[in-house]
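Peer 1: Okay, handing you the structure first.
No value in this document is a laboratory result; all are computed from the given coordinates. Note that this is a predicted model, so its numbers are computed, not measured. FYI the Cβ positions are ideal-geometry reconstructions off the backbone, even for glycines, and counts take in every protein chain you see.
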Amino acid sequence: MPEIDYPFHDREALVTNCGRICIYRKKINISTVLAGQKLGLKEVDDGIWLVSFMHYDLGYIDLEQRTLQTIDNPFGTRLSSMC
């Protein structure tokens, strides 16, 4: 697979094996599901960062609170049209 790139984001961060990213020496829990994956980070307000995986926006990080506020299911529901 090709390397994941985030040309429209300010930074990139690699998710650790324990499911965290580090930004400005602050550790933020993301998910162990994304361990080893690169995420795109874009500052949308002072201390507020949009977190993206591939072309899906996952949520926002608040650096003060060191939390990820997720967006409602970024992958949406996919219904099969087999009926």
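Peer 1: Take the alpha carbon gyration tensor of segment 1-44, find the square roots of its eigenvalues, order them as a ≥ b ≥ c, and report rounded if a/c is under 1.5; if not, report prolate when a/b exceeds b/c, else oblate.
Peer 2: On the way: a/c = 2.43, a/b = 1.12, b/c = 2.17.
Taking the square roots of the gyration eigenvalues as a ≥ b ≥ c, segment 1-44 is oblate.
Peer 1: Among the aspartates and glutamates, select those whose C-alpha is under 16 Å from the C-alpha of Lys26, and discard any that sit fewer than 8 residues away in the same chain.
Peer 2: Glu12, Glu43, Asp46, Asp62, Glu64
Peer 1: Here is a follow-up. Taking a ≥ b ≥ c as the square roots of the eigenvalues of the Cα gyration tensor of the chain, is the shape rounded (a/c under 1.5), prolate (a/b larger than b/c) or oblate?
Peer 2: Since a/c reaches 1.5 and a/b is larger than b/c, the shape of the chain is classed as prolate.
Peer 1: Can you check what the net charge comes to around Trp49, using other residues whose Cβ is under 13 Å from the Cβ of Trp49 (Lys, Arg +1; Asp, Glu -1)?
Peer 2: Numbers: positive: Arg11, Lys26, Lys42, Arg66; negative: Asp10, Glu12, Glu43, Asp45, Asp46, Asp57, Asp62, Glu64.
With Lys, Arg at +1 and Asp, Glu at -1, the neighbours total -4.
Peer 1: Evaluate the charge dipole of the chain about its Cα centre and quote only its size in Debye, nearest 20, assuming +1 on the Cβ of each Lys and Arg and -1 on the Cβ of each Asp and Glu. Don't skip to the end; give the middle numbers.
Peer 2: Working: 9 positive and 11 negative charges, 79 e Å.
Rounded to the nearest 20 debye, it is 380 debye.
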